[in-house]
Amino acid sequence: MNDFKALEEKLNYQFKKQDALKEAFNHASYVNEQEGLRSYDRREFLGDAILDAIISDYLFKKYPQMNEGDLTVLRAKYVDEYALNKIGLYLDFDSLIKFRPQKYHKNEVSESMRADVVEAIFASIFLEAGYGRAKDLILRLYEVVDREMAGAFEGKENYKSKLQEICQKNYHALTIQYEVYKVTGPTWDRTFYTYCKNKGKIIGKGKGASKKEASQMAAKDALESL
């Protein structure tokens, strides 16, 4: 039985190695109780980098007159957790995700989990079919989601983008950096603590269930102190 048939139809792509693809749906909390399995963390890491490259290339060519700072702010709306969660909802793959109830998402798939799995799926396509095929598929998927889910890439309250805009306006440079300075909890239920820095100086602190959430909270803290 093809567990991924509905997903493949929406992606217009048939996976060659479905046993390997299952890894993209294994949350660390599930893997911790199942010997011999791997979580989606490595694929999510790879998918994140691939998506950044594809969207950066797309925006660079689409907006030839746009400066680096504005491109960075725009890219964030396409690759942040809010956008990826919308893609995950469109792909409707929640029933495939394996996890154990924990502090942040209890008995439901969380937005951050859904976003991570989207990146892991992108990595799986890249590993099977290469960069060119992954790029074509991802850009086509973005077009469909943008058409069928209004506002999917407009972003919600994006504190990092807002802080970056202020930084670009005042300093005409990309000077904001985020640094994880502490991580607590087991691998499947972590809390990340992050500094927001401007030219090496700490201007905000934040925490969250993911690095992305923690950095958003750090940016919010920085904005409130401005």
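The values are calculated or read from the model by the stated rules, or taken from the named source; none is laboratory data. The structure displayed is predicted, hence computed values, not measured ones. Neighbour counts are summed over all protein chains in view; Cβ atoms, including those assigned to glycine, are modelled from backbone coordinates with ideal geometry.
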Exercise. Given the structure, is residue 103 among the charged types (D, E, K, R), at pLDDT below 85, surrounded by fewer than 18 Cβ atoms within 10 Å (Cβ to Cβ) and over 15 Å from residue 7 (Cα atoms)?
Worked result: yes
For this session: Take the residues in region 24-50 that are touching a Phe, Trp or Tyr at 6+ places or on another chain (Cβ under 6 Å) and under 30 Å from residue 75 (Cβ atoms), then tell me which one is surrounded by the fewest Cβ atoms within 10 Å (Cβ to Cβ).
Result: 28
Exercise. For region 1-103, which fully contained helices (runs of 4 or more DSSP H) count at least 1 residues that are among the aromatic types (Phe, Trp, Tyr)?
Worked result: 28-31, 41-62, 68-79, 81-91
For this session: Can you tell me which residue within region 164-217, out of those that are over 19 Å from residue 73 (Cα atoms), aliphatic (A, V, I, L, M) and buried (at least 18 other Cβ atoms within 10 Å of the Cβ), is modelled with the highest pLDDT?
Result: 203
For this session: Return yes when residue 147 is under 24 Å from residue 26 (Cβ atoms) and free of Cβ contacts under 8 Å to residues at least 60 places away in the same chain and no when it is not.
Result: no
For this session: Those residues that are among the basic types (Lys, Arg) and under 14 Å from the mean Cα position of the chain (by Cα), I need them from region 23-44; list them, please.
Result: 42, 43
For this session: Restricting attention to region 1-21, report how many residues are within 20 Å of residue 109 (Cβ to Cβ), touching a Leu at 6+ places or on another chain (Cβ under 8 Å) and crowded, with 17+ Cβ neighbours inside 10 Å.
Result: 3
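Any chance you could count how many residues in region 53-77 are under 18 Å from residue 210 (Cα atoms) and either touching a Cys at 6+ places or on another chain (Cβ under 7 Å) or not small (Gly, Ala, Ser) (or both)?
1
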For this session: Can you tell me which residue within region 23-40, out of those that are touching a residue at least 60 places away in the same chain (Cβ under 8 Å) and among the charged types (D, E, K, R), is nearest to residue 100 (Cα to Cα)?
Result: 33
